[in-house]
1. Can you name every residue in the range 330-359 that is surrounded by 20 or more Cβ atoms within 10 Å (Cβ to Cβ), farther than 14 Å from residue 211 by Cβ and of a type outside the set (D, E, K, R)?
2. Out of the range 1-34, which residues are outside any helix (DSSP H, G or I) and aliphatic (A, V, I, L, M)?
3. Can you say whether residue 203 is among the small types (Gly, Ala, Ser), assigned by TED's automatic domain parsing to the domain that holds residue 330, part of a loop (DSSP other than H, G, I, E, B) and under 17 Å from the mean Cα position of the chain (by Cα), as far as the supplied structure shows?
4. Given the condition among the polar types (S, T, N, Q), within 20 Å of the chain's Cα centre (by Cα) and under 13 Å from residue 10 (Cα atoms), answer yes or no: does some residue in the range 82-91 qualify?
5. Only residues that are of a type in the set (Asp, Glu) and free of Cβ contacts under 8 Å to residues at least 60 places away in the same chain: list them for the range 102-141, please.
6. From the set of residues in the range 55-77 that are within 22 Å of the chain's Cα centre (by Cα) and surrounded by 15 or more Cβ atoms within 10 Å (Cβ to Cβ), which is nearest to residue 172 (Cα to Cα)?
7. Which members of the range 160-181 meet the condition of being closer than 15 Å to residue 295 by Cα and either more than 22 Å from the chain's Cα centre (by Cα) or surrounded by fewer than 21 Cβ atoms within 10 Å (Cβ to Cβ) (or both)?
8. Name the residue, out of 249, 224, 228, that is buried (at least 16 other Cβ atoms within 10 Å of the Cβ), under 26 Å from residue 356 (Cβ atoms), of a type in the set (S, T, N, Q) and out of contact with any strand residue (DSSP E or B) (no Cβ under 9 Å at 6 or more places or on another chain).
Amino acid sequence: MNERILVRCVNWLGDAVMSTPALLRLREARPDAHITLLSHAKLAELWKEQPYANAVMTFTPDEGVMAVAKRLRAENFDLGIAFPNSVRSGLELRLAGIPKRVGYSSGFRNLLLNKVIPRRADAVAMHKKSDSEIKRDSGSTRRFAPPKRAHHIYDYLEIVAAVGASPEPLAPKIVVTETEVASARAKLNISKDEVLFGLNPGAEYGPAKRWLKERFAAVAAKLQMKHQGRWIIFGGAADREICDWIAEQIALFAPDKKPINVAGQTSLRELAALLKTCRLVLTNDTGPMHLANAVGAPIVVPFGSTSSELTGPIFGKSRILQSNVGCSPCFRRECPIDFRCMKSIEVGAVVDAAAGLLQ
């Protein structure tokens, strides 16, 4: 009988995409295993038709640990791998009766696992700076410079390496079929030959990760006038207002090619398909940035309060813009001073970065 493996996935889109190199390595190491992913229901579509998963089980926010564990127990898994560092993920594996349970060391959770992995020596925590630390560092030009292997994709690779997989990195990958791409374009009445550019101005984490809306609109207008593509604007339901405003501004410069605003209107698979079809995606550091990178779209990203060294794209066609201010990255949801990390990223620099990818 083939080995049955359960991977408890992380709950956020960006983190989930960054875990895909580890899933690919696990499949490489266990080609004949039956691998099931346990995923938050909101990410269920992400894992559809992926080569590293035979099955997907989901849970909802209001489903208790005991209920989830009961369903897992019926599947008779041989090995359980916990990607999150939470106590809950360890409990799910333990209560499901999975004989081999693997995950990072984390206090009480160590009692729930039987293969505990020590924290990586080159891991770097995302320290949320205090107001006083930000004020202290704001006048400096000292750059945050963690080691290369501090990037978060190595967190997940280290876990699967503990069960025999290669720890060497691969590009994040989410498979999207040409049929899905064609269907997504047809739904929006976009011809197969029309050139699309993507714009994602939101960021669920908070305003400190969002470049200025006026600058997004200015870059989009300049690129549209020069490269004759059409913009499709992405976002969640909460981003609708800002997406509407940017769409209106772009339309002033190119009324014959009005942007398509799909904020709050796409499923996760539709989002992936539309991102895949874009010749360029201009985005903040957020889940759709990782998704665009994983489906192969060229991306341009202004980074502010977060670190491209820890969570930015390190494979594929990408251009990262990050200001040289000492208080960045602060990992705060909102800037307590003057938002200098984002304000110092100028329109011209982003236009040049995008033009370089388009050429």
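1. 330
2. 1, 5, 6, 7, 10, 33
3. Details: among the small types (Gly, Ala, Ser): yes; assigned by TED's automatic domain parsing to the domain that holds residue 330: yes; part of a loop (DSSP other than H, G, I, E, B): yes; under 17 Å from the mean Cα position of the chain (by Cα): yes.
It is true that residue 203 is among the small types (Gly, Ala, Ser), assigned by TED's automatic domain parsing to the domain that holds residue 330, part of a loop (DSSP other than H, G, I, E, B) and under 17 Å from the mean Cα position of the chain (by Cα).
4. Within the range 82-91, one or more residues are among the polar types (S, T, N, Q), within 20 Å of the chain's Cα centre (by Cα) and under 13 Å from residue 10 (Cα atoms).
5. Initial filter on the range 102-141 (of a type in the set (Asp, Glu)): 122, 131, 133, 137.
The one that is of a type in the set (Asp, Glu) and free of Cβ contacts under 8 Å to residues at least 60 places away in the same chain: 122.
6. Residue satisfying both the conditions and the ranking: 56.
7. Residues satisfying the conditions are 170, 171, 173, 175, 177, 178, 179, 180, 181.
8. Values: 224 fails: out of contact with any strand residue (DSSP E or B) (no Cβ under 9 Å at 6 or more places or on another chain); 228 fails: buried (at least 16 other Cβ atoms within 10 Å of the Cβ).
Of 249, 224, 228, the one residue that is buried (at least 16 other Cβ atoms within 10 Å of the Cβ), under 26 Å from residue 356 (Cβ atoms), of a type in the set (S, T, N, Q) and out of contact with any strand residue (DSSP E or B) (no Cβ under 9 Å at 6 or more places or on another chain) is 249.
The values are calculated or read from the model by the stated rules, or taken from the named source; none is laboratory data. Please read these numbers as outputs of a predicted model, since none were measured by experiment. So basically every Cβ, Gly included, is an ideal-geometry build from the backbone, and we count neighbours across all protein chains shown.
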